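Everything on this sheet refers to the single structure shown next.
Each reported figure results from applying straightforward, stated rules to the coordinates on display, with no laboratory input. Owing to the predicted nature of the structure, the values given are computational and were not obtained by experimental measurement. Heads up, the Cβs are rebuilt from the backbone with ideal geometry, glycines too, and the neighbour counts pull from every protein chain shown.
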Amino acid sequence: MLKFYAILLTLCLVFMVQFINSSASSSNLKTDKSINIELNKKVVEGTVYVPAKEVFESLGWEVAWVSKDKMLIAVKGNKKNILKIDSKEAIINGENVELNNAARIIDGKFYIPVDFVAQQFGEKVIWDKNGNIIIASPDFGSNVIINGQGNIIIAKAKGIILDIFEPINSDTAYDLLSTADILLENNNIPEAIEKYKKVLENISKEESPTAYAHAAKGMGNAYSILAQIKDSKTNIERAISLYEDAISVYSAENNPIDYFITLNNLGSAYKILAETTGRNNDLLKAINYYKKSLAVEYTEGYALDYAFIKYNMGSAYLKLKHKNLAMECLTEAKDIYESYLEKCDFDNDSYTWSSIQYGLGNTYKLLSKLMLKKGYVERAMAAYNETLKIRSIESYPFDYADIHRSMGELYSDMAKRGIGKDSFEKALEEYKESLNIYSLEKYPIHYAKVNYDMGDLYMLASYTQEDELSNFIKANRAFREAMKVINKNEIQVIK
């Protein structure tokens, strides 16, 4: 409680609200609701936006976020409104309505134009000279004094709802977790971590185990993503610790899906750790967690996850030089992907179709290393090119870069085996295409990996091609670019 009062006192010092109308004095101020999420307005291209979920809920609407369709649904009684990100069309009580400005995601949260609230919800919007916004019921008086700037006030005829921060507890944690999940989904990693961290700091595993595990797993996912961008060893070790904390709550009986996902994530985290340390023991731990995840009963919808896990196991076995086990896992993954590709309709579900092609490309690529057959290389290339029909540089830039880097690796392997007279040039072309996304600033580790691979390829050319000195200079330049990133924690990532 002491922490709450300290926060409340701070807010009172910096943000005081007086409610005054024609027949009332400031003593009529009432606070009938507290909001534990910050209400910030945003101005984009001259349009003022407010956070939809908090504003709607303050006005008595129930709100749901549908991440698959990127839309928000608000319901109050028999009224229902549907808004989609980046669309000027909304569905208001079953009718299509055109908005002046589209709803949008800002800093990982769903925002709507403030004039939409006034036009469609029957509320009025009052401004004051300090840039404060009062969203009020129609019978609310207009004489309001706010000592503060840039605030959003939800007002009613008989009182004002203040944007007060409350300490997170088991009752309010899920609101913050929902916000953190959306931030993570929109790749706002630092803010997502802060939200998950706030939940973990304010609730206990014993008091609210499900919310605690949700926060630990989400924060682990955030650090896993961060580990592939910078400080690999430190961030992936944080992810592992958080996943292990979550798995201590989940069980195959009570939380089969979360248990399955977290075990798989632990396997992938140890696989990333192995890349940073070079330790075979980390690969063995990865395989062990993958096996545990496969032991969990799953529905048919998780068959593609099963194939992906088998692929990861095959990759780990290949690094351990257990070729027979690698072949067994990769062949099983290939068979599942090929079977599902026959059932999947590109027109009805293009994303799943591209995911299967992506998985097939990766699986064929590893099989080509085991079988030394050009046929697998060609099948991998074909699958990757099919994937690029959906995973374009505009829509899925990271996947786009990863696919071109993988194609570069395939051509590079062909060049090293002396297959195809233009394999060297094609490998460089694919690597350079991936660097259009893998910049030093945004994806330093991937930038280093690609430059290291290019340096390795140029070194090969310096021994096998006529222009020895030129290729040696280019190799040196590429290695120097990679060295801008390599440090003691990440050197094994490059090797």
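A few notes on this one:
- At full extension, Glu185 and Ser395 could sit 74.1 nm farther apart than now, given 0.36 nm per residue minus the alpha carbon distance.
- If R0 is 30 Å, the Cβ-Cβ spacing of Thr331 and Arg480 corresponds to a FRET efficiency of close to 0.15.
- 11 Å cut-off, amide nitrogen to a point 7 angstrom out along Glu342 Cα→Cβ, residues in the range 353-371: none
- Per-peptide average of other Cβ atoms within 10 Å, ordering 377-384, 49-56 highest first: 49-56, 377-384
- In this calculation the C-beta distance from Asn385 to Gln228 is compared with R0 = 25 Å, giving a FRET efficiency of 0.55.
- In this label model, Asp115 and Asp467 are separated by 5.8 nm, measuring between points 7 Å along each Cα→Cβ vector.
- The range 306-361: trypsin sites (Lys or Arg not before Pro) falling in loop per DSSP and having at most 11 other Cβ within 10 Å: Lys321
- Across Lys365/Lys484; Lys321/Lys442; Lys369/Lys426; Lys70/Lys230; Lys230/Lys449, pairs whose alpha-carbon gap is larger than 22 Å: Lys365/Lys484; Lys321/Lys442; Lys70/Lys230
- Approximate spin-label separation Asn100-Ser204, in nm, with each point projected 7 Å along Cα-to-Cβ: 5.2
- Volume of the Cα convex hull of the range 168-297, divided per residue and given in Å³: 94
- The convex hull built on the alpha-carbon positions of the range 341-469 has an orientation-averaged projected area of 8.7 nm².
- Alpha-carbon Rg with Dmax, taken over the range 299-390, Å: 12.9, 40
- Modelled label positions at Ile257 and His322, each set 7 Å beyond Cα in the direction of Cβ, lie 3.1 nm from each other.
- In terms of packing, defined here as the mean over residues of other Cβ atoms within 10 angstrom, the peptides 325-332, 276-283, 407-414 line up highest first as 407-414, 325-332, 276-283.
- FRET E, pair Arg279, Glu89, Förster distance 51 Å, beta-carbon r, rounded to 0.05: 0.40
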